[in-house]
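Report on one structure; see the data block that follows.
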Amino acid sequence: MDFLDIVSSILLLAGVFFGFSGAVGLFRFPDFFTRIHAASVTDSIAAILIIGALLLQTSFDLNTAKLVFILLFLMVTSPTASHALAKSARHGGLLTLAETRPQDKQGSAK
Amino acid sequence: MAEFIDLVLLAMLALTALRIIFLKDLFAVVMLFGIYSFLSALIFLNLDAVDVAFTEASVGAGISTVLMLVTLAITGRKEKQSTHSSLLPLFVVLVTGAALIYGTLDMPPFGHPDNPVHQHVAPRYIEESPKEVGLPNMVTSVLASYRGFDTLGETVVVFSAVIGVLSLLGVRRKKKKDLESGLESHRVLHVVAKIIIPLVILFALYVQFHGDFGPGGGFQAGVIAAAAFILYALILGLPKAFAVVGPRFLQWMAAAGVLLYASVGLYSMYMGGHFLDYNQLATDPVAGQHYGIIIIELGVGVTVFAVMLNIFYAFGSQAERSNVQ
């Protein structure tokens with residue numbers, strides 16, 4: 001039991017770290033696509049780590065099953081949401097930073 | 001610890017509200033409204049009001065965000081610059097706010113056990129409802145049995161909302177087949193939606209029929225089922241969604257739910273009791289309460305599902321039409 005608690009707290013701390021780094025990236029990254037990359041880190045790995053940590057705290061009952069369902073749902077939906085967002089932005093004509101940079105050097109666009 | 005969480009959540013709530021006031025981009029405002037609802041749901045959860053939190057999360061953050069986004073598709077996403085001065089409204093708001101704060105000074109202390117709200121009917125519900133109604137989830141027994149008439153009123157309000165929307169907007173079926181509807185090019189979304197939608201409907205049915213034992217009930221279940229169909233309509237386009245559940249059929253469903261609810265009341269009158277007196281539905285009064293609550297929750301669920309989906313159809317078909325022109 002003690003060993004499981006230690007593993008669970010390590011997973012929780014890792015989840016908090018990834019969630020925090022995702023939030024920092026959301027504010028600090030320069031354009032839409034890099035930001036969505038940071039946000040999807042929060043969505044996917046942070047959520048998986050935190051729910052994994054909570055799974056180790058349960059005593060294998062109904063709560064375990066519910067957490068597993070939530071985990072599966074998140075693993076399917078959050079990458080899809082990030083993908084749909086990025087694809088819609090791409091179809092809407094949004095360029096990545098690398099594509100807009102040459103114009104910056106000429107000083108024609110912002 | 002719980003108070004600390006409450007304080008953090010309340011501070012985030014206040015920040016979100018302030019941001020909503022000063023933003024001009026309505027799309028961001030709608031998203032912030034969703035965050036606001038989720039924060040309120042978390043506060044309710046921290047107060048152990050699980051049913052209210054569930055309703056707030058599914059209705060406030062889920063379906064109303066979607067409906068407001070569809071409205072933005074019709075109206076455009078920029079707020080109009082107001083020209084007139086805001087001094088008088090500010091004065092009115094300040095005076096009203098001061099009066100409200102003055103009014104709270106007379107309120108009983110927060111959370112005190114001797115408060116009238118904890119003394120009036122709540123002890124009776126807590127002590128008698130396990131014997132009288134016999135449901136593990138006391139919220140459902142209060143909502144569906146003791147306050148059954150109020151809940152009928154709420155269902156009628158939801159029903160009249162769809163009457164208002166349909167008489168103002170109406171659902172237009174599209175004639176032309178050639179223009180692209182839905183998100184045809186999003187292959188990944190198609191696949192994932194086909195996996196997710198049946199599970200969402202299954203979860204809605206679970207919430208519907210498990211509401212007697214855990215958090216949930218007709219309102220949340222109806223909204224969740226409507227969300228599944230809205231997802232289908234968003235991804236595959238309105239015409240295909242019309243082929244699954246048409247707007248005309250939904251109008252019948254919305255009316256049928258309210259009628260089912262009210263007819264339980266009439267039937268109990270016919271059996272010799274009062275309106276919505278479930279004790280008359282079976283020879284054993286507690287079994288009668290169970291039957292009554294399951295049937296009226298089904299009526300609520302059917303009405304809420306049909307109304308939410310029909311409002312989405314009305315807004316969505318208007319948005320597609322205005323995009324064509």
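Estimated at 0.36 nm per residue, the fully extended path between residue B:117 and residue B:275 surpasses their Cα-Cα distance by 54.2 nm. Sorted from longest to shortest, the spans of the Cα atoms of the range B:1-81 along the three principal axes equal 43, 24, 11 Å.
Summary: within chain B, the longest segment free of trypsin sites (Lys or Arg not before Pro) located in DSSP loops with at most 13 other C-beta atoms within 10 Å is B:178-325. Basic side chains Lys and Arg get +1 at the Cβ, acidic Asp and Glu get -1 at the Cβ, and with that the dipole of the range B:113-246 about its Cα centre reaches some 1040 debye. Who wins for biggest fluctuation among B:64, B:82, B:268 in a Gaussian network model of chain B, springs between alpha carbons below 10 Å? Maximum among the listed residues: B:82. Per-residue ellipticity at 222 nm computed for chain A from its helices equals -27000 deg cm²/dmol, with DSSP H segments shorter than 4 residues left out and the rest contributing -39,500 (n - 2.57). Rolling a 1.4 Å probe over the heavy atoms of the protein chains gives the protein assembly as shown an accessible area of 60 Å² per residue. Counts of other chain beta carbons within 10 angstrom of each beta carbon in peptide A:66-77 average 1. Buried between B and A is an accessible area of approximately 700 Å², summed over both sides with a 1.4 Å probe.
With a Cα cut-off of under 29 Å and a minimum spacing of 8 residues unless on different chains, the lysine pairs in the protein assembly as shown number 25. With springs connecting C-alpha atoms under 10 Å apart, model chain B as a Gaussian network and identify which of B:220, B:119, B:280 has the largest mean-square fluctuation. Of the options given, B:119 has the highest mean-square fluctuation. Surface composition of the protein assembly as shown: carbon plus sulfur atoms contribute 71% of the solvent-accessible area (1.4 Å probe, protein chains only, all chains present).
Given the peptides A:40-46, B:200-206, B:296-302, arrange them by the average over their residues of other C-beta atoms within 10 Å, most packed first.
B:296-302, A:40-46, B:200-206
Treating each Cα of the range B:46-141 as an identical point scatterer and ignoring solvent, apply the Debye formula and state log10 I(q)/I(0) at q = 0.12, 0.19, 0.25 Å⁻¹. The Cα Debye sum returns log10 ratios of -0.83, -1.07, -1.17. With springs only between Cα atoms under 10 Å apart, run a GNM on chain B and tell me which of B:95, B:29, B:157 wobbles the most. Per the Cα network of chain B with a 10 Å cutoff, B:95 tops the list.
The values are calculated or read from the model by the stated rules, or taken from the named source; none is laboratory data. Note that this is a predicted model, so its numbers are computed, not measured. In this analysis, Cβ positions are derived from the backbone assuming ideal geometry, glycine residues included, and neighbour counts consider all displayed protein chains. These area figures cover heavy atoms from the full protein model, side chains too; ligands, DNA and RNA do not enter into them. Shrake-Rupley method; radii C 1.70, N 1.55, O 1.52, S 1.80 Å.
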